[in-house]
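This report refers to the structure that appears directly beneath it.
The values are calculated or read from the model by the stated rules, or taken from the named source; none is laboratory data. Computed from a predicted structure; not experimentally measured. Here the Cβ is made from the backbone with ideal geometry for all residues, glycine too, and neighbour counts use every protein chain on show.
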Amino acid sequence: MDERDVLNFYERTVGDVYRYASRLTGGDQSGTADLVQEVYLTLIRQVRSGRRDPVDIGWAITTCRSRFIDEHRRRDRRARLFANRDERSSEPLYEGVSEATAALAGLPEAQRLAVVLRYVDDLSVPEVAELIGRSVHATESLLARARSTLRTALAPTDGEE
């Protein structure tokens, strides 16, 4: 694999990686762009360090998820350190964000991460718990709160069907 292969891979996969990253970030365009950039920079660094084996979309999605989880853990540690635990995103929603993505954006980051890992990545609850560093019971509780919030946010209002 060389840098030309990386460019071809980028052109074939960037749309899918962007959509996945957007779900993780709750539609935050800046956060999504940073996350996608980090995925491809990781590949470039690996190629420059001698990586020769090809990659696929699975590699890109896994790398994206790992980078997001790493950043989530860093923010979580920092928040605990300073005991200032506001997990809601302060980023505004942008034009073109789907209703479901907007509802995801309204979740606290830990809930959003758990929902994406469970329902987008189709991981089991124990797998999600391990990735986010919580017990299975705590993860089930986190998912239950997220589902309840999403149900309310996505429920039709009077006059809608």
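Some observations on this one:
- Residue pairs meeting the criteria (Cβ under 7 Å; at least 6 apart or on separate chains; first of a type in the set (Gly, Ala, Ser), in segment 101-130; second surrounded by fewer than 17 Cβ atoms within 10 Å (Cβ to Cβ)): 102/93; 103/153; 103/154; 105/93; 106/153; 110/87; 129/135; 129/136
- Breaking point among (1) exposed (fewer than 14 other Cβ atoms within 10 Å of the Cβ); (2) within 30 Å of residue 134 (Cα to Cα); (3) not aromatic (Phe, Trp, Tyr), for residue 28: (1)
- Of the helices (runs of 4 or more DSSP H) contained entirely in segment 100-161, those carrying at least 2 residues that are surrounded by fewer than 17 Cβ atoms within 10 Å (Cβ to Cβ) and among the small types (Gly, Ala, Ser) fall at 136-154.
- Of all residues in segment 91-144, exactly one satisfies the criterion of being aromatic (Phe, Trp, Tyr) and either more than 19 Å from residue 18 (Cα to Cα) or modelled with pLDDT under 85 (or both), namely 94.
- Complete set of residues in segment 19-45 that are over 27 Å from residue 99 (Cβ atoms) and of a type outside the set (Lys, Arg): 38, 40, 41, 42, 43, 44
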